[in-house]
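K.L.:
Pasting a structure below so you can have a look.
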Amino acid sequence: MSICCIEKQSIDESWWTDTYYTENTFLNDLRVGDLRWLPRSRVEDDPSYKQLIPYVLVKSSNNAFACYQRAGTEIRLHAFMSCGVGGHIEEVDKRETVIETVLAGARRELSEEFANYQSNIGRLQIIGVIHENETEVGLHHIGIVLLLQLGETESLYPDLELKDCAWLSRDQLLVQRLELWSKLALQLEETVCLIP
């Protein structure tokens, strides 16, 4: 399977340093031609590429987040709780623009993780980027953070892979053993939601 990645040299190197979250993104600076579709096995340990990962926070109308015990194919994360739904962008997600491609990847992941997800449920928007070089996962991936805000009458039902999924408040999440990306994404979401 080929996945979406970018050569690190294709955008400013400041995006690849430190651990951070930001409401700014480099997506508008990329063209579809900047995206590389390469076998996951080739880029998983290649430091010259970063894999773009849509990472979706799903938030209910009463401000609770979908949270679950990691159990998927990324074994390095199994000891942690996550409030981000996402994964690699695959060639089937390829669209005319980079942003449309990221959104298509996010929607596909949501449909795989929630049994009743359809693209007309909630409001899905890109809210920023998270990056870290502290873990093996972070060395080769960059998170494009999206927020799926559900309306008052909307609900999602987790599929089997979202083990022990629960809807938790921000305060409840902060006492969980969260993966680093979830911590960064929650900080980003809180910052973005404070902006008038």
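K.L.:
Spot the failing condition for Glu112; the list is (1) farther than 27 Å from Ser155 by Cβ; (2) at pLDDT below 95; (3) part of a helix (DSSP H, G or I), and only one is missed.
P.N.:
Status for Glu112: all satisfied but (1).
K.L.:
Follow-up. For the stretch 142-195, give me the residue count where each residue is among the acidic types (Asp, Glu) and in contact with a strand residue (DSSP E or B) (Cβ under 7 Å, 6 or more places away or on another chain).
P.N.:
At the first step, the residues of the stretch 142-195 found to be among the acidic types (Asp, Glu) are 152, 154, 159, 161, 164, 171, 179, 189-190.
Checking which are in contact with a strand residue (DSSP E or B) (Cβ under 7 Å, 6 or more places away or on another chain) leaves us with 159, 164, 179, 189.
Of the residues in the stretch 142-195, 4 are among the acidic types (Asp, Glu) and in contact with a strand residue (DSSP E or B) (Cβ under 7 Å, 6 or more places away or on another chain).
K.L.:
Could you say whether any residue in the stretch 31-43 is surrounded by 15 or more Cβ atoms within 10 Å (Cβ to Cβ), of a type outside the set (Gly, Ala, Ser), in a loop (DSSP other than H, G, I, E, B) and on the phi < 0 side of the Ramachandran plot?
P.N.:
Scanning the stretch 31-43, I find no residue that is surrounded by 15 or more Cβ atoms within 10 Å (Cβ to Cβ), of a type outside the set (Gly, Ala, Ser), in a loop (DSSP other than H, G, I, E, B) and on the phi < 0 side of the Ramachandran plot, so the answer is no.
K.L.:
Consider only pairs whose beta carbons are under 9 Å apart and that are at least six residues apart or on different chains; among these, list those whose first residue lies in the stretch 25-41 and is under 18 Å from Trp15 (Cα atoms) and whose second residue is of a type in the set (Gly, Ala, Ser).
P.N.:
Once the first residue is under 18 Å from Trp15 (Cα atoms) and sits in the stretch 25-41, its partners that are of a type in the set (Gly, Ala, Ser) give Thr25/Gly128; Leu30/Ser10; Asp34/Ser10; Arg36/Ser2; Arg36/Ser10.
K.L.:
When the residues of the stretch 115-144 are narrowed to those that are among the acidic types (Asp, Glu) and part of a loop (DSSP other than H, G, I, E, B), which ends up modelled with the highest pLDDT? So that I can check it myself, show each step before the final result.
P.N.:
Looking only at the stretch 115-144, we keep the residues that are among the acidic types (Asp, Glu), and these are 132, 134, 136.
With the extra rule that they be part of a loop (DSSP other than H, G, I, E, B), the set shrinks to 132, 134.
Numbers: Glu132: 90, Glu134: 86.
Ranking the candidates gives Glu132 first.
K.L.:
Return the residues of the stretch 104-149 that are among the polar types (S, T, N, Q) and without any contact (Cβ under 8 Å) to a residue 60 or more places away in the chain; say none if nothing qualifies.
P.N.:
Scanning the stretch 104-149 gives Ser111, Asn116, Gln118, Ser119, Asn120, Gln125, Thr135.
K.L.:
Separate question: Hey, could you check the stretch 145-196 for residues that are among the hydrophobic types (A, V, I, L, M, F, W, C), surrounded by 14 or more Cβ atoms within 10 Å (Cβ to Cβ) and part of a loop (DSSP other than H, G, I, E, B) and say which is modelled with the lowest pLDDT?
P.N.:
Of all residues in the stretch 145-196, those among the hydrophobic types (A, V, I, L, M, F, W, C) come to 145-148, 150, 156, 160, 162, 165-168, 173-175, 178, 180-181, 184-186, 188, 192-195.
Within this subset, residues satisfying the condition of being surrounded by 14 or more Cβ atoms within 10 Å (Cβ to Cβ) are 145-148, 150, 156, 162, 165-168, 173, 178, 180-181, 184-186, 188, 192.
From the residues that got through so far, the ones that are part of a loop (DSSP other than H, G, I, E, B) too are 150, 156, 162, 165.
Numbers: Leu150: 96, Leu156: 91, Leu162: 79, Cys165: 89.
Among those residues, the one meeting the criterion is Leu162.
K.L.:
Quick one: in the stretch 71-99, which of the residues that are closer than 20 Å to Ser169 by Cβ and part of a loop (DSSP other than H, G, I, E, B) is modelled with the highest pLDDT? Spell out the reasoning first.
P.N.:
Going through the stretch 71-99, the residues closer than 20 Å to Ser169 by Cβ turn out to be 80-85.
Still in the running and part of a loop (DSSP other than H, G, I, E, B): 80, 83.
Details: Phe80: 84, Cys83: 94.
Per the criteria, the residue is Cys83.
K.L.:
Further question on the same structure: Conditions: (1) in contact (Cβ under 8 Å) with a residue 12 or more places away in the chain; (2) not in a strand (DSSP E or B). Gln51 meets all but one. Number of the miss?
P.N.:
(2)
K.L.:
Any residue that is buried (at least 19 other Cβ atoms within 10 Å of the Cβ), touching a Phe, Trp or Tyr at 6+ places or on another chain (Cβ under 8 Å), modelled with pLDDT of 95 or more and under 20 Å from Leu186 (Cα atoms) - is there at least one of those in the stretch 44-56?
P.N.:
Filtering the stretch 44-56 down to residues buried (at least 19 other Cβ atoms within 10 Å of the Cβ) leaves 49-56.
Next, only the ones that are touching a Phe, Trp or Tyr at 6+ places or on another chain (Cβ under 8 Å) stay: 50, 55.
Keeping just the survivors that are modelled with pLDDT of 95 or more gives 55.
From the residues that got through so far, the ones that are under 20 Å from Leu186 (Cα atoms) too are 55.
For the stretch 44-56, residues buried (at least 19 other Cβ atoms within 10 Å of the Cβ), touching a Phe, Trp or Tyr at 6+ places or on another chain (Cβ under 8 Å), modelled with pLDDT of 95 or more and under 20 Å from Leu186 (Cα atoms): present.
K.L.:
Which numbered condition in (1) over 27 Å from Val32 (Cα atoms); (2) out of contact with any helix residue (DSSP H, G or I) (no Cβ under 8 Å at 6 or more places or on another chain); (3) buried (at least 18 other Cβ atoms within 10 Å of the Cβ) is the only one that Glu113 fails?
P.N.:
(1)
The values are calculated or read from the model by the stated rules, or taken from the named source; none is laboratory data. All figures in this text were calculated on a predicted structure; none of them were measured in a lab. Cβ: placed from backbone, ideal geometry, glycine included. Neighbour counts: every protein chain shown.
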